[in-house]
Number of protein chains: 2
Amino acid sequence: MLYDAPVKDMRFLLTHIGKLNELGTTSLYQDLVSDDLVDAILTEAGRFSADILAPINRQGDLQGSHIVADDVRTPDGFKDAYQAYVEQGWASVSGPVDFGGQGLPGSFSFLVQEMVFSANLAFGLCPMLSVGAAEALEAHGSDELKARYLPKMISGEWTGAMDLTEPQAGSDVGALRAKAVPVDDGTYRITGNKIFITFGDHDFTDNVIHLVLARLPDAQPGTKGISLFLVPKFLVNDDGSIGARNDVKVTALEHKMGIHASPTCAMAFGEDGEGAVGYLIGAPHRGMAAMFTMMNNARLNVGIQGVAAAEAAYQQALSFAQDRVQGRAPGVARDQSSAIIEHPDVRRNLLLMKAKTEAARAICVMTAGALDHARALEDEAARERAKLRADFLTPIAKSWSTDIGVEVSSIGVQVHGGMGFIEETGAAQFMRDSRIAPIYEGTNGIQSIDLVMRKLPLDNGSVADEFFADIEETAAALGAHDNAALTRLAAPLVASLAAARQATNWLRERAAQNPTDLLAGATPYCTMMGDLFGGWLLAKKALIAFEEGDDVWGSAFVAARLETASFFASQILPQVAAGASAVQGGAAGLFTLDPIAMKA
Amino acid sequence: MLYDAPVKDMRFLLTHIGKLNELGTTSLYQDLVSDDLVDAILTEAGRFSADILAPINRQGDLQGSHIVADDVRTPDGFKDAYQAYVEQGWASVSGPVDFGGQGLPGSFSFLVQEMVFSANLAFGLCPMLSVGAAEALEAHGSDELKARYLPKMISGEWTGAMDLTEPQAGSDVGALRAKAVPVDDGTYRITGNKIFITFGDHDFTDNVIHLVLARLPDAQPGTKGISLFLVPKFLVNDDGSIGARNDVKVTALEHKMGIHASPTCAMAFGEDGEGAVGYLIGAPHRGMAAMFTMMNNARLNVGIQGVAAAEAAYQQALSFAQDRVQGRAPGVARDQSSAIIEHPDVRRNLLLMKAKTEAARAICVMTAGALDHARALEDEAARERAKLRADFLTPIAKSWSTDIGVEVSSIGVQVHGGMGFIEETGAAQFMRDSRIAPIYEGTNGIQSIDLVMRKLPLDNGSVADEFFADIEETAAALGAHDNAALTRLAAPLVASLAAARQATNWLRERAAQNPTDLLAGATPYCTMMGDLFGGWLLAKKALIAFEEGDDVWGSAFVAARLETASFFASQILPQVAAGASAVQGGAAGLFTLDPIAMKA
């Protein structure tokens, strides 16, 4: 089997870290969530990913997508796989019930998405972006637009794409230049060029619905002058049927390091006439707000891509290490050979992969769970706290998970030895595919800056302080436990927490005195917080799994939770203190050298 | 300019870290080394690399090498570039004078090699392996074999290839099965299949000289039954002219993650008859000893590939960051934009790239210098100490430099943002190309095991202790200095040294009690030693550069040495303590989970 979905870890996380059961008591999710349903859907999604998506992952990499005439053609098998995906209802798992969706919590569809990404990252980007576009339309579009477009976007009959980036406007979205001019019938004519548009065109569906950022004639410069428009590839008639081709087309595909099957499109609007027909979504000049709603979710969806790549890489490395015989492990007789999994250094690499992957998944699920709670809880104050917690955790979840996605898939290559560098093996593809994740939806540098500049001060710092207090609570519970395997997880957690708090206090002091110090320390701080966060959640999982016991979760599962937590505590948590030290380096040294001295 | 060789850093390192001047006083290198000569050759090699090799690097990646009929055809421009390389004498820089070489020290040709690798890693592998094959032939071959083959291998008219790996014999060389049968004329007939043979065939030259490991009929199993043979692609007549085609041919090329221009060959020996004609090199069953001579150098040559990729990636990222305008840096007016190099987080990434690259280069040059001293010093005891030092440093130099090669080139991708993932930019190629370096010539795991099992105990541990004592000496000199920028480098170095010594002592204790603990701690130990080694040498460089002053080295150069040392001390050295802690994790936890629980 190319992929075997980690259903049990996911179910455990949804229950104990994402607190799915609490959601089941809310009016929004009542009757939608039960243990049996969760298990059944996760199992089925795992099967679909393994049977339909994983087998075409390699040919997707080899063939890539191409432009034929004016349209994108995806690799063999991708269109059929997408149709199966839609037919089996995977496109609509968390879509709104009012528009035909199944209305399940986001943290739940999020793990379905992880499976899809593990099996075929390039494929999964299309439905992911489509769901994001649908959410923006649902939140900000007029009733008329929603009625016309949303049901088919929710079902997956059409897909949505997000058209933000322009050559001069990447991280700096405010620099975009695409134009929108109103016409008499209340629509707009959109002109301009966009780049890096994922699945901006494809052959999966009959229509592609673009959400496009552009400027109205009276727009002010920067992000406050940006509006959001819906621009369909084909216009849609009043009866819902497909009408004339709109003046939007793909002009080129990028040649990328990975995710070859995913067409990364350069799009031209209005090349053949006065502009593509567009419809305003939300208020004029308020496009960034609409995009931000969506991008916050998208960031977390990119985070889970890191987890997915790491999981896939781990599974393949584990399997290879059991099969590959080479050398003799300690204690093995002279005339025998060993599977490389018996070598301590290989075993260490595998445990490192497993521990980081599970830590990242736990981080992502806690963040997704907080988003669900922010949406569904009945009590307004509780909703607001959950929202603040999700806001705080999101940049850590996105950056740490995508960093470890590249790291873990690189270790996967290493475990394969020379075979890891040969593309046929597949290990290298996980690494190449995952390399985009630390970049898109806000580079990890930008996530780190968001963390120190905007998230750390949330509600006067109380959001961060509550996060630390939660860790302290787990450490106390571990320290007071009568099981030695759990007790010894406490000290490393306590030490790391103290280091992280110290670094946090330092940043808070510098915020008043020299904010540039925060920018200089942002990346090590965000990494450090992720290390602490991961170590905490693995320890918390070990504690809960042990308490609920072998009868509930199985002895192998419980033993593995204890061991990954212990490994992380011993091998990764010490880096928190090192990170805390690096955070406090300050900005002064960064600007000592001018560009000429940087070359010297 | 695609590449601008860091000549001044190299010259500084050769003088102060590789101690090239001391070599100039030995009879071996007398009159061969002078400051002027070093500068002239480095400058010229930099120019050749930039003008001839860098411009074909991208097309080499795009085209790759291919088999046409029974021969390998390299990408456009590669054959011409090789001919220019030979004509300008770069193939023979450190070759033995007796066979037409220029006889310059290895540490010197080593940096020429770095330039070649920076400009075009795939190209550089051919001459690198050829030099290694020539060295093995020189050290172990008969006078007759040497007379017939060596001059043309030294000049570069023919190239050498090393044929070790077989599908079942990768890291475990002793598992190889290729056979050699003696025939009446004193030659042998070689049969079997080899894989992963770099430049095992190509169109650069008229002949390819294979050094092949195979077993004689009376060989015992394992590494003690392996012999080394010379197997030319074309037999060579007594007059030196090329004769009949030998029964060795390329059967397939691997499709790899990177270094596409370098043909990674599957080779078949004796497919068309009773075997390829081979000539024994050295004594029967002593092939591993001959290969080890060569592989020790090869390991260091792979280490410098990491430095080279990192340097190239850094140069490109630095250039991009000066050109790319995006967002506003702190303190910049609202209506202005900034080059991204002005953003603290980007600047931090660039300094991180620079500091790690220069640290790795310093590590490699010190190791290469020790090898030169081990060869050339007049005093036998001094030679022996230099040899032991080189043996100790080599696994650190190989593994740390190749690890940072991947890391730094990945940061280079990140600095480019979305453009970094687009192959056209070139940043991704550095990362893909460099990913092989932690794998070949002994994976970094194997280097780490070599360090803890064989190198740490060298001469009762005195080699390691002397290494630590040298660091202590630098720390003391820094601490006693009257310049504050130097003084403050002392404390982080002292703290890291103490942590490393503690981890070392722990390993020594465990060596007696449970050697598996050494294997478990090998990788974090080797990484930790590299971090310490790099921090030490950057601090030492800063001290020397400051003392010699701006007049000798230029103010930008001196300032950059101080700043990279300071950055490394603040941002990287704290990881030594974290690594030391990880080293002491022990092996027990690694084997708690069986493969089933590893999946749970």
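The values are calculated or read from the model by the stated rules, or taken from the named source; none is laboratory data. Keep in mind it's a predicted model, so treat the numbers as computed, not measured. Note: ideal-geometry Cβ built from the backbone for every residue, glycine included; neighbour counts use all protein chains shown.
Test residue A:497 against the stated conditions and say whether it is within 14 Å of chain B (Cβ to nearest Cβ), more than 27 Å from residue A:297 (Cβ to Cβ) and of a type in the set (A, V, I, L, M, F, W, C).
Against the criterion (within 14 Å of chain B (Cβ to nearest Cβ), more than 27 Å from residue A:297 (Cβ to Cβ) and of a type in the set (A, V, I, L, M, F, W, C)), residue A:497 does not qualify.
Count, please, the residues in region A:159-190 that happen to be free of Cβ contacts under 8 Å to residues at least 12 places away in the same chain, within 14 Å of chain B (Cβ to nearest Cβ) and in contact with a Lys or Arg (Cβ under 8 Å, 6 or more places away or on another chain).
Count: 2.
For region B:465-472, does any single residue satisfy the condition of being surrounded by 15 or more Cβ atoms within 10 Å (Cβ to Cβ) and either within 10 Å of another protein chain (Cβ to nearest Cβ) or over 19 Å from residue B:389 (Cα atoms) (or both)?
no
Counting residues that are farther than 19 Å from residue B:110 by Cβ, in contact (Cβ under 8 Å) with a residue 12 or more places away in the chain and within 14 Å of chain A (Cβ to nearest Cβ), which helices (runs of 4 or more DSSP H) fully inside region B:1-83 reach at least 2?
Where helices (runs of 4 or more DSSP H) fall fully within region B:1-83 and carry at least 2 residues being farther than 19 Å from residue B:110 by Cβ, in contact (Cβ under 8 Å) with a residue 12 or more places away in the chain and within 14 Å of chain A (Cβ to nearest Cβ), they are B:57-63.
Please go through region A:61-80 and give me each residue that is crowded, with 24+ Cβ neighbours inside 10 Å and under 19 Å from residue A:45 (Cβ atoms), ordered by number.
Listed by number, the list holds a single entry, A:78.
Inspect region B:574-587 for any residue being more than 10 Å from chain A (Cβ to nearest Cβ) and in a helix (DSSP H, G or I) and give the result as yes or no.
No, every residue in region B:574-587 fails to be more than 10 Å from chain A (Cβ to nearest Cβ) and in a helix (DSSP H, G or I).
Can you find even one residue in region B:334-356 that is modelled with pLDDT of 95 or more, surrounded by 24 or more Cβ atoms within 10 Å (Cβ to Cβ), touching an Asp or Glu at 6+ places or on another chain (Cβ under 9 Å) and more than 13 Å from chain A (Cβ to nearest Cβ)?
Within region B:334-356 (the criterion being modelled with pLDDT of 95 or more, surrounded by 24 or more Cβ atoms within 10 Å (Cβ to Cβ), touching an Asp or Glu at 6+ places or on another chain (Cβ under 9 Å) and more than 13 Å from chain A (Cβ to nearest Cβ)), the answer is yes, since at least one residue qualifies.
Which residues, counting only those in region B:514-545, are under 26 Å from residue A:579 (Cα atoms), hydroxyl-bearing (Ser, Thr, Tyr) and facing chain A (nearest Cβ under 9 Å)?
B:523
So which of B:548, B:563 ends up being among the acidic types (Asp, Glu), facing another protein chain (nearest Cβ under 7 Å) and in a helix (DSSP H, G or I)?
When all the criteria are applied, what remains is B:563.
Yes or no: residue B:378 outside any helix (DSSP H, G or I) and more than 11 Å from chain A (Cβ to nearest Cβ)?
Judged against the criteria, residue B:378 is a match.
Could you tell me which residue of region B:551-560 is farthest from the other protein chains (Cβ to nearest Cβ), considering only residues that are assigned to a helix (DSSP H, G or I) and farther than 19 Å from residue A:589 by Cα?
If we take residues in region B:551-560 being assigned to a helix (DSSP H, G or I) and farther than 19 Å from residue A:589 by Cα, then B:551 is farthest from the other protein chains (Cβ to nearest Cβ).
Which condition number does residue A:266 fail, the rest of (1) within 14 Å of another protein chain (Cβ to nearest Cβ); (2) out of contact with any helix residue (DSSP H, G or I) (no Cβ under 9 Å at 6 or more places or on another chain); (3) more than 30 Å from residue B:58 (Cα to Cα) being met?
For residue A:266, the failing item is (3).
Which residues, taken from region B:417-431, are more than 7 Å from every other protein chain (Cβ to nearest Cβ) and buried (at least 24 other Cβ atoms within 10 Å of the Cβ)?
B:427, B:429, B:430, B:431
Looking only at residues that are at pLDDT 95 or above and assigned to a loop (DSSP other than H, G, I, E, B) in region B:441-465, which one is farthest from the chain's Cα centre (by Cα)?
Here the answer is B:457.
Search region B:94-112 for residues being assigned to a helix (DSSP H, G or I) and touching a helix residue (DSSP H, G or I) at 6+ places or on another chain (Cβ under 6 Å), and hand back the single one that is surrounded by the most Cβ atoms within 10 Å (Cβ to Cβ). Write out each step before concluding.
Keep residues of region B:94-112 that are assigned to a helix (DSSP H, G or I), which gives B:97-99, B:106-112.
With the extra rule that they be touching a helix residue (DSSP H, G or I) at 6+ places or on another chain (Cβ under 6 Å), the set shrinks to B:99, B:106-107, B:110-112.
On the way: B:99: 20, B:106: 22, B:107: 27, B:110: 27, B:111: 30, B:112: 24.
Among residues in region B:94-112 that are assigned to a helix (DSSP H, G or I) and touching a helix residue (DSSP H, G or I) at 6+ places or on another chain (Cβ under 6 Å), the one surrounded by the most Cβ atoms within 10 Å (Cβ to Cβ) is B:111.
So which residues in region A:397-408 are within 11 Å of chain B (Cβ to nearest Cβ) and farther than 30 Å from residue A:460 by Cα, if there are any at all?
Selection gives A:406, A:407.
So is residue B:394 crowded, with 24+ Cβ neighbours inside 10 Å and either away from every other protein chain (no Cβ under 14 Å) or not hydrophobic (A, V, I, L, M, F, W, C) (or both) or not?
Yes; evaluated as a whole, the condition is true for this residue.
Return yes or no: is residue B:1 buried (at least 18 other Cβ atoms within 10 Å of the Cβ) and of a type in the set (A, V, I, L, M)?
Spelling it out, it is not the case that residue B:1 is buried (at least 18 other Cβ atoms within 10 Å of the Cβ) and of a type in the set (A, V, I, L, M).
Please determine, by comparing only the residues of region B:254-274 that are buried (at least 24 other Cβ atoms within 10 Å of the Cβ) and touching a Gly at 6+ places or on another chain (Cβ under 6 Å), which one is nearest to residue B:232 (Cα to Cα).
Residue satisfying both the conditions and the ranking: B:269.
Out of B:290, B:283, which single residue is in a helix (DSSP H, G or I) and more than 8 Å from every other protein chain (Cβ to nearest Cβ)?
B:290
Let me spell it out: the conditions are (1) farther than 30 Å from residue B:458 by Cβ; (2) at pLDDT below 95, and residue B:514 meets all of them except one. Which number is the exception?
Every condition holds for residue B:514 apart from (1).
Looking at region A:377-391 only, could you name the residues that are among the hydrophobic types (A, V, I, L, M, F, W, C) and surrounded by fewer than 21 Cβ atoms within 10 Å (Cβ to Cβ)?
Residues satisfying the conditions are A:377, A:381, A:382, A:388.
Could you list, in sequence order, all residues of region B:243-253 that are within 25 Å of residue B:264 (Cβ to Cβ) and either surrounded by fewer than 18 Cβ atoms within 10 Å (Cβ to Cβ) or among the small types (Gly, Ala, Ser) (or both)?
If the condition is that a residue be within 25 Å of residue B:264 (Cβ to Cβ) and either surrounded by fewer than 18 Cβ atoms within 10 Å (Cβ to Cβ) or among the small types (Gly, Ala, Ser) (or both), then B:245, B:251, B:252 are the ones that fit.
Every residue in region B:575-600 that is under 26 Å from the mean Cα position of the chain (by Cα) and touching a residue at least 60 places away in the same chain (Cβ under 8 Å), please. Walk me through how you get there before you give the answer.
At the first step, the residues of region B:575-600 found to be under 26 Å from the mean Cα position of the chain (by Cα) are B:575-576, B:579-580, B:583.
Within region B:575-600, B:576, B:579, B:580, B:583 meet the criteria.
With B:132, B:156 as the choices, which residue is surrounded by 22 or more Cβ atoms within 10 Å (Cβ to Cβ), away from chain A (no Cβ under 14 Å) and modelled with pLDDT of 95 or more? Reasoning before the result, please.
On the way: B:132 fails: modelled with pLDDT of 95 or more.
Of the residues listed, the single one that is surrounded by 22 or more Cβ atoms within 10 Å (Cβ to Cβ), away from chain A (no Cβ under 14 Å) and modelled with pLDDT of 95 or more is B:156.
State whether one or more residues within region A:475-493 are small (Gly, Ala, Ser), within 27 Å of the chain's Cα centre (by Cα), crowded, with 22+ Cβ neighbours inside 10 Å and part of a helix (DSSP H, G or I).
No: region A:475-493 contains no residue that is small (Gly, Ala, Ser), within 27 Å of the chain's Cα centre (by Cα), crowded, with 22+ Cβ neighbours inside 10 Å and part of a helix (DSSP H, G or I).
Only one of A:214, A:139, A:169, A:161 is crowded, with 22+ Cβ neighbours inside 10 Å and touching a helix residue (DSSP H, G or I) at 6+ places or on another chain (Cβ under 7 Å). Can you tell me which?
A:161
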